[in-house]
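Worksheet: the structure to be examined is printed underneath.
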Amino acid sequence: MSITVTPVSPDFVAEIAGIDLARPLPDTDRETIQAAIDRYAIVVFHGQTLTDEQQIDFARRFGPIHSSAQRARHTSIKHRLASSEIADISNLDGDSRVLAPDAKRRLDWLANRLWHTDASFRAVPGALSLLYAHVVPDEGGDTEFADLRAAYEALPAATRGRIDGLIAEHSIWHSRGQLSVTRYTDEELASLPPVPQPVVRTSPRTGRKSLYVASHASHIIGMPVPDGRLLLMDLIEHATQPRFVHRHRWRRGDLVIWDNRCTMHRARPFDTTLVRDLRRVTTRDESAGLEQAA
Ligand SMILES: [Fe+2]
């Protein structure tokens, strides 16, 4: 079995086959996968069978792991998954029952339906997310991905000149607030304070520039809040036009890796009385976004 990389489009999304991710990863295959991520931003593997530990071990080959921020903002609930290195993206509670409509974690999780990039609300943001499907409904629950490199390159030169160097404030409470999900304790709120992030990033690996925007971004530092917010809304609207968007239809056993530094994503609706069990490991970026911009 040898690894193959098949592009879905010339430089956005590729499918990778011929590899069992549960087995120790040879260096040459790791390099092939990393090169595919650099080029295509999103890579898809089908038909995998992974325990949480195998998923974490595989992710660790691509960088240090970000502990899940879920534990910081849900201090008083029972968590289903043992490791803090894996985030529970399911609609299940600590006893593996479908979350009640008013469950706090369900309301928080609904913010995954807004366009975002993982962990941009942390000073050292997320680099790669690795999301693995244990159980998926027959219909709905797709994930859409937007290519923020192509979106940046398609902006008029004057707009690129205007936004280069801008800094946005990102906060997880801003994305939740858009859905009026505000039931957090002072301790939870204090655990994830707002952070500054550049609006335009340059990949240290490829040199390619991209937008870096998300529903977590509330305003532009140094600009009146409404002006900054409207600019962010315009950039998100631009970046999520169909020509920049790929939709992933989940199958059990899929593992999708995306680069949070140059993509956004959102979950699509499904019948939440049915089980959807996805689990995510996220690697940590090399340094704070602003340090990289400097
Ligand atoms: Fe996400």
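Nothing in this text is a laboratory measurement; each read-out follows from the coordinates by a stated rule. Here the structure is a predicted model, which is why all the values come from computation and not from measurement. Positions of Cβ are backbone-derived with ideal geometry, glycine not excepted, and every protein chain shown enters the neighbour counts.
Structure values in brief
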{"read-out": "Highest-MSF residue in the chain out of 19, 172, 37 [GNM, Cα springs under 10 Å]", "value": "19"}
{"read-out": "Enclosed volume per residue, in Å³, of the convex hull spanned by Cα atoms of the range 1-69", "value": "103"}
{"read-out": "Distribution of pairwise C-alpha distances over the chain, 5 Å bins, in %", "value": "1, 5, 12, 17, 19, 18, 14, 9, 4, 1, 0, 0"}
{"read-out": "Label-point separation in nm, residue 81 to residue 294, each point 7 Å along Cα→Cβ", "value": "3.3"}
{"read-out": "Cβ-Cβ FRET estimate between residue 274 and residue 221, R0 fixed at 41 Å, reported to 0.05", "value": "0.45"}
{"read-out": "Theoretical ellipticity at 222 nm over the chain - DSSP helices of four or more residues, -39500 (n - 2.57) apiece, nearest 500", "value": "-7000 deg cm²/dmol"}
{"read-out": "Cβ-Cβ FRET estimate between residue 160 and residue 186, R0 fixed at 35 Å, reported to 0.05", "value": "0.30"}
{"read-out": "Cβ-placed point charges (K, R +1; D, E -1), dipole of the chain about Cα centre in debye, nearest 20", "value": "260"}
{"read-out": "Gain on full stretching of the segment that runs from residue 2 to residue 95 - 0.36 nm per residue minus C-alpha separation", "value": "29.5 nm"}
{"read-out": "Relative contact order, percent, the range 4-293 [alpha-carbon distance under 8 Å, six or more residues apart]", "value": "33"}
{"read-out": "Selected from 158, 87, 59 as most flexible by GNM, with the chain as the system and alpha-carbon contacts under 10 Å", "value": "158"}
{"read-out": "Residues with amide H under 5 Å from that of residue 90, placed H, sequence gap 5 or more", "value": "278"}
{"read-out": "Positive-end residue, the chain charge dipole about Cα centroid, Cβ charges, pick of 116, 196, 182", "value": "182"}
{"read-out": "Rounded Å value of the spacing that divides the Cα centres of the range 270-294 and the range 1-21", "value": "21"}
{"read-out": "Convex hull of Cα atoms in the range 153-264, direction-averaged projection (nm²)", "value": "9.6"}
{"read-out": "Charge dipole of the range 1-79 about the Cα centre (unit charges at C-beta), most positive-ward option of 25, 37, 58", "value": "58"}
{"read-out": "Reciprocal mean inverse distance between Cα atoms of the range 128-176 - Kirkwood radius, Å", "value": "15.0"}
